[in-house]
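To start, the structure itself, in structure tokens.
Just so it is clear, none of the values below were taken in a lab; they were calculated from the coordinates. Bear in mind that the values here come from a model prediction, so they are computed numbers and not experimental data. Using ideal geometry, Cβ is built from the backbone for each residue, glycine included, and neighbour counts are taken over all protein chains shown.
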Amino acid sequence: MTEPSVTHATIVLERIYEASPARVFQALADPQARARWGTPSKNVDLVYDKADFRVGGLDISRCGPRGSLIYRVETRYIDIEPEQRIVSTELVCEGWNRLSVSLVTVELQPVGTSTRLVLTDQIAAFGGKDMIAGSQAGFSAALDNLAVELRHQPVDA
Amino acid sequence: MIERSVVHSTFIIERLYPAAPSKVFFALSNADAKRRWFTDPDNPMPGRFQMDFRIGGKEVNAGGPKDGPIHVYTATYQDIVPDQRIVYSYDMLFGETRISVSLATIELFADGKGTRLVLTEQGAFLDGHDTSSSREHGTGVLLDLLGAFLNEKT
């Protein structure tokens with residue numbers, strides 16, 4: 001049986017956060033912070049089995065509905081420019097099935113005392129267009145949660 | 001702080017080769033075979049070449065002009081379906097500077113006795129060091145080198 005062909009897309013999401021680029025970058029870099037804001041909703045859990053935020057580092061995480069963390073994500077950090085840019089790849093699997101690979105670029109630009117974040121997800125989906133819609137919805141919800149995280153977490157002195 | 005910029009783009013290149021998908025896949029996945037055709041036409045002297053063809057494995061290809069910065073291509077294999085598909089991410093370093101990060105999908109389709117290869121590259125070009133059109137041209141040249149290699153063998 002031939003594998004279905006791959007579907008490619010580029011998703012661009014933009015947000016303005018009332019926080020400095022340093023503060024936003026910290027929330028992106030810290031796996032404990034990411035475990036809080038990185039899921040699309042309160043009913044979805046995100047657990048890091050391995051976290052290594054550096055160029056060449058690998059994170060392994062699992063997410064899914066509470067009690068059923070069926071998705072496994074391998075994040076490889078390729079480029080990190082502190083407070084400015086993170087470029088990574090994300091491989092999403094469900095069990096033995098590889099569902100998609102994304103090249104994710106996050107850019108941070110100061111706008112006055114705020115920060116513009118632009119997330120570009122260049123995705124190759126093996127499972128069809130559903131993965132693309134799912135990736136877009138997931139990232140969009142997580143970026144909304146990041147705003148809440150930035151408002152509520154105390155800034156380190 | 002340095003002003004940063006990223007240009008994102010996608011290009012698709014197709015080639016028709018007179019060899020079966022399994023032979024094309026072999027040329028793409030076997031280190032000895034790949035070493036023979038995956039060269040930089042401007043700098044044919046091979047530098048470092050290592051290849052670990054498995055999911056999560058890395059490939060490194062380094063070289064460059066005698067008196068210039070070393071160019072290093074480092075790839076990670078993200079998905080492999082034998083004889084059908086290879087998905088890999090790679091970055092390019094010129095000396096100490098990372099100039100791009102890309103996600104490449106190669107799909108192989110049987111076409112009569114031959115193979116249609118479709119390469120889709122989604123790239124992030126960093127800080128203006130290189131352009132998508134230049135990369136597309138260079139990638140096309142590499143696929144022509146693969147074609148020449150396969151023509152020799154057929």
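Points to keep in mind about this one:
- Treating r as the C-beta distance of B:THR97 and A:THR10 and R0 as 35 Å, the FRET efficiency rounds to 0.90.
- Cβ-based net charge around B:PHE49, under 11 Å, with every Lys or Arg adding one and every Asp or Glu removing one: +2
- Backbone HN-Hα couplings from phi across region B:10-19 [Karplus 6.51/-1.76/1.60, Hz, Gly and Pro as x]: 10, 10, 10, 10, 10, 9, 10, 10, x, 9
- Over the protein assembly as shown, the hull volume per residue, using the convex hull of the C-alpha atoms, is 135 Å³.
- Residues B:ILE55 and A:SER68, FRET efficiency given R0 of 30 Å [Cβ-Cβ distance, rounded to 0.05]: 0.80
- Rounded to 10°, Cα long-axis angle of helix B:132-153 versus longest principal axis of chain B: 30
- Each label point was placed 7 Å from the Cα along the Cα-to-Cβ direction; for B:HIS137 and B:ARG4 their separation is 2.9 nm.
- Residue pairs, from the table A:LYS129/B:LYS34; B:LYS66/B:LYS153; B:LYS34/B:LYS113; A:LYS129/B:LYS113, whose Cα atoms sit over 29 Å apart: A:LYS129/B:LYS34; B:LYS66/B:LYS153; A:LYS129/B:LYS113
- Reachable aspartates and glutamates, given that their alpha-carbon falls under 18 Å from the alpha-carbon of A:LYS50 and they are not under 8 places away in the same chain: A:ASP30, A:ASP59, A:GLU74, A:GLU90, A:GLU94
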